[in-house]
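First comes the structure, then the notes that go with it.
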């Protein structure tokens, strides 16, 4: 799959030919869709390829030190730390210090499930 942005063009039949809507459905759903407020931040965190790789690595291994992550993604420890800090600040990862080492892990199983589900979706689509 390409990393290019996929553009969509409207084709005949892709849109309603007349404007009308189900007022009851629309009113009920307007309130419900507000529930997703803030979720875009989770997807923003995972939309970066490097952070997604780090998150995926943390789904495969319970805990990784910053040096391990840097080697996995092929970066400096400073870059790895930057991405790990971002994931921690977004509530996706947590850390613990052991002497001079800092170890990161996923904050909860929801993150693991989200990445696993996304991976399954992509594999099934291909």
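Just to be sure before I move on: is residue 19 outside any helix (DSSP H, G or I), in contact with a strand residue (DSSP E or B) (Cβ under 6 Å, 6 or more places away or on another chain) and either buried (at least 16 other Cβ atoms within 10 Å of the Cβ) or at pLDDT below 95 (or both) in the structure I sent?
Numbers: outside any helix (DSSP H, G or I): yes; in contact with a strand residue (DSSP E or B) (Cβ under 6 Å, 6 or more places away or on another chain): no; either buried (at least 16 other Cβ atoms within 10 Å of the Cβ) or at pLDDT below 95 (or both): yes.
So residue 19 does not fit the description; no.
Any residue in the stretch 72-93 that's farther than 23 Å from residue 40 by Cα: show its pairings with residues that are in a helix (DSSP H, G or I) and at pLDDT below 95 at Cβ separation under 6 Å, as long as the two are six or more apart or on different chains.
Every condition considered, no pair remains.
For residue 94, are the conditions met, namely being in contact with a helix residue (DSSP H, G or I) (Cβ under 7 Å, 6 or more places away or on another chain) and in a strand (DSSP E or B)? Don't jump to the end; show me each part of the working.
Numbers: in contact with a helix residue (DSSP H, G or I) (Cβ under 7 Å, 6 or more places away or on another chain): yes; in a strand (DSSP E or B): yes.
Yes, satisfied.
Out of curiosity, is residue 64 modelled with pLDDT of 95 or more, over 17 Å from the mean Cα position of the chain (by Cα) and surrounded by 10 or more Cβ atoms within 10 Å (Cβ to Cβ)?
On the way: modelled with pLDDT of 95 or more: yes; over 17 Å from the mean Cα position of the chain (by Cα): yes; surrounded by 10 or more Cβ atoms within 10 Å (Cβ to Cβ): yes.
Here the answer is yes, as residue 64 does meet what is asked.
Tell me, yes or no, whether the stretch 68-80 has at least one residue that is farther than 23 Å from residue 39 by Cβ, in contact with a strand residue (DSSP E or B) (Cβ under 6 Å, 6 or more places away or on another chain) and surrounded by 16 or more Cβ atoms within 10 Å (Cβ to Cβ).
Initial filter on the stretch 68-80 (farther than 23 Å from residue 39 by Cβ): 68-80.
So of that shortlist, the ones also in contact with a strand residue (DSSP E or B) (Cβ under 6 Å, 6 or more places away or on another chain) come out as none.
So far as the stretch 68-80 goes, no, none of its residues is farther than 23 Å from residue 39 by Cβ, in contact with a strand residue (DSSP E or B) (Cβ under 6 Å, 6 or more places away or on another chain) and surrounded by 16 or more Cβ atoms within 10 Å (Cβ to Cβ).
The values are calculated or read from the model by the stated rules, or taken from the named source; none is laboratory data. None of these values were measured; they are calculated from a predicted model. Glycine also receives a Cβ, built like all others from the backbone with ideal geometry; neighbour counts cover every protein chain displayed.
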